[in-house]
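Here it is, the structure, as structure tokens.
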Amino acid sequence: MAGGLILVAMKVFMTGLTSLIVMLVCLAFLTGCDSKQLIKIGDTPPEISGNDIHGDNVSLSKLKGKMVVIYFWKNSCCGDSVKKLEPFYRENKDRGMAVLAVNAGDTKEVVESYAKNNAVTFTVLADEDSKLFKRYQCIGYPTIFILDKNGIVREKIHGDILAEQLRKLVVKQFNIQKSVEAAYEKIHSR
């Protein structure tokens, strides 16, 4: 009897061990074997350049000197959230903030219609083939990056966030930037 229980316990253990090994192999496969890392806080993100939905040239490098919120979204899941960024954008654009709302997967016509119907005035890009979404290694919608005035990622948010929470993160970055600039001036004014 005891030998049978030991045999069953060993079988359960081996099944669990086999499952764990299979899971680890799959995880290694999904994360890839190359040295490509996810974009993280402190990184300089890949360049974004092209034309927005109005045909205006957009370049992330041209926005240096501004706080930039990059908001990756898809109309089917994040449309309500994107339009809620408008008051937040209007409140902060004169403080030196830009919003790049990058729609991944929808057609330019769908994105244009969305922006027009919702009176969106910040920059909206149609990433029809999701190349930017993939280049930024996003894993879901929305994915939000907050870049400081030097173009460095200071916040990365996976999933939806209330406009008020996003506002607090941006204000935090403005305050940090202000403190850094004040400290620099204090040191260099001597």
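Suppose the filter is surrounded by fewer than 16 Cβ atoms within 10 Å (Cβ to Cβ), out of contact with any Gly (no Cβ under 9 Å at 6 or more places or on another chain) and on the phi < 0 side of the Ramachandran plot; does Asp94 pass it?
Criteria met by Asp94.
If you don't mind, there's one more thing I want to ask. Report, by residue number, each residue of segment 112-154 that is among the hydroxyl-bearing types (Ser, Thr, Tyr) and closer than 24 Å to Gln165 by Cβ.
Tyr114, Thr121, Thr123, Tyr136, Tyr141, Thr143
Which one is nearest to Val153 (Cα to Cα), of the residues in segment 50-91 that are touching a strand residue (DSSP E or B) at 6+ places or on another chain (Cβ under 7 Å) and exposed (fewer than 12 other Cβ atoms within 10 Å of the Cβ)?
So, considering only residues that are touching a strand residue (DSSP E or B) at 6+ places or on another chain (Cβ under 7 Å) and exposed (fewer than 12 other Cβ atoms within 10 Å of the Cβ), the one nearest to Val153 (Cα to Cα) is Ser59.
Right, another one. Given the residues Asp80, Asp94, which is the only one that is under 20 Å from Leu162 (Cβ atoms) and without any contact (Cβ under 8 Å) to a residue 12 or more places away in the chain?
Result of the check over Asp80, Asp94: Asp80.
Listed here are the residues, each with its yes/no results for (1) of a type in the set (Gly, Ala, Ser); (2) outside the structural domain of Gly105 (by TED's automatic domain parsing); (3) under 21 Å from Ser76 (Cβ atoms).
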site	(1), (2), (3)
Tyr141	no, no, yes
Ile144	no, no, yes
Lys149	no, no, no
His158	no, no, yes
Glu164	no, no, no
Phe174	no, no, no
Gln177	no, no, no
Ala182	yes, no, no
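The values are calculated or read from the model by the stated rules, or taken from the named source; none is laboratory data. Every value quoted in this text rests on a predicted model; they were computed, and no experiment measured them. Glycine also receives a Cβ, built like all others from the backbone with ideal geometry; neighbour counts cover every protein chain displayed.
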